[in-house]
């Protein structure tokens, strides 16, 4: 009987330790600007790839962002269910959609203040129902300058819809659109190429013809955006800031 009780006690202790040892998870859901990249696409880098390096070991960044996804297709393809099923109380979910919600195809398109905002509200409410904490992000800017060298907006009403959802449901907002707008504007038309997916022919074996991409980031750009997100987390004084290095 004593041996049985000892085994039971040890089992409970080990289980409790395992539960306690699980790090806080920061789930990331979004599009290609946030997503982890295959090495074959070098030097393309999503800013979510770089976020783990800013956190202590007590936090695990779990990046579920996928290329080409909108707030709608992420749900329809079952990608959100995977995150929701993995989520536990005390975790965080960082949400950044918008780039592909603009696309005209039926599988991805949403309207800013109706279906797009409705999807954001779904993410928020279902995250909170699991005892986890949602964080909204506006989309990072595309590198598009006019003839006078001024950065032009390409996202229309989508960032405004994110801000509205954040205000209405009292959700922390990382306004990456405004912050990256300043970053890219300050760099200007030429220097800003250094943070986007630009490479000369044969600079990378997988890109013999080179690349000029004004939407996606390289390592330097992804690191800069991740740092901006971290500074926003600190500025908002979120509990998550305690786990930053």
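Computed from the coordinates by the stated procedures, all read-outs in this text should not be read as laboratory data. Source: prediction; values computed, not measured. With ideal geometry, Cβ positions are generated from the backbone for all residues, glycine too; neighbour counts draw on all protein chains shown.
Here are the numbers:
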read-out	value
Degrees between helix 117-129 axis and first principal axis of the chain (Cα, 0 to 90, nearest 10)	20 degrees
DSSP-defined beta bridges in the chain - what % are antiparallel, rounded to 5	30 percent
Extension gain from residue 157 to residue 103, taking 0.36 nm per residue of separation minus the Cα-Cα distance	18.1 nm
The chain, relative contact order [Cα under 8 Å, separation at least 6], %	21 percent
Length-normalised contact order for the stretch 104-245 - Cα pairs under 8 Å, 6+ apart - percent	20 percent
Simple spin-label estimate for residue 58 and residue 204 in nanometres, 7 Å along Cα-Cβ	3.6 nm
Angle between the chain longest axis and helix 176-191 axis [Cα atoms, degrees, rounded to 10]	40 degrees
With Cα atoms, 0 to 90° folded angle of helix 158-169 axis to the chain main axis	30 degrees
Sequence ranges 109-116, 23-30, ranked by mean other-Cβ count within 10 angstrom, highest first	23-30, 109-116
For the stretch 121-176 versus the stretch 47-66, the gap between their alpha-carbon centres in whole angstrom	19 Å
Pairwise label distance in nanometres, residue 190 with residue 244, each label 7 Å out on the Cα-Cβ vector	3.4 nm
Per-residue Cβ neighbour rank within 10 angstrom, fewest leading, 34, 87	87, 34
Convex hull (Cα only) mean projected area of the stretch 112-220, reported in nm² to one decimal	9.0 nm²
Choice from 22, 69, 142 showing the highest fluctuation, given a GNM over the chain with Cα pairs closer than 10 Å	22
Top of 118, 46, 210 by mean-square fluctuation, Gaussian network on the chain, Cα under 10 Å	210
Simple label model, 7 Å out from Cα along Cβ direction - residue 77 to residue 38, nm	1.3 nm
Potential extension, residue 168-residue 234 segment - 0.36 nm per residue separation minus Cα distance	21.6 nm
R0 of 45 Å, Cβ-Cβ distance residue 85-residue 145: FRET efficiency to nearest 0.05	0.55
Inverse mean reciprocal Cα-Cα distance (Kirkwood Rh) of the stretch 25-243, Å	17.6 Å
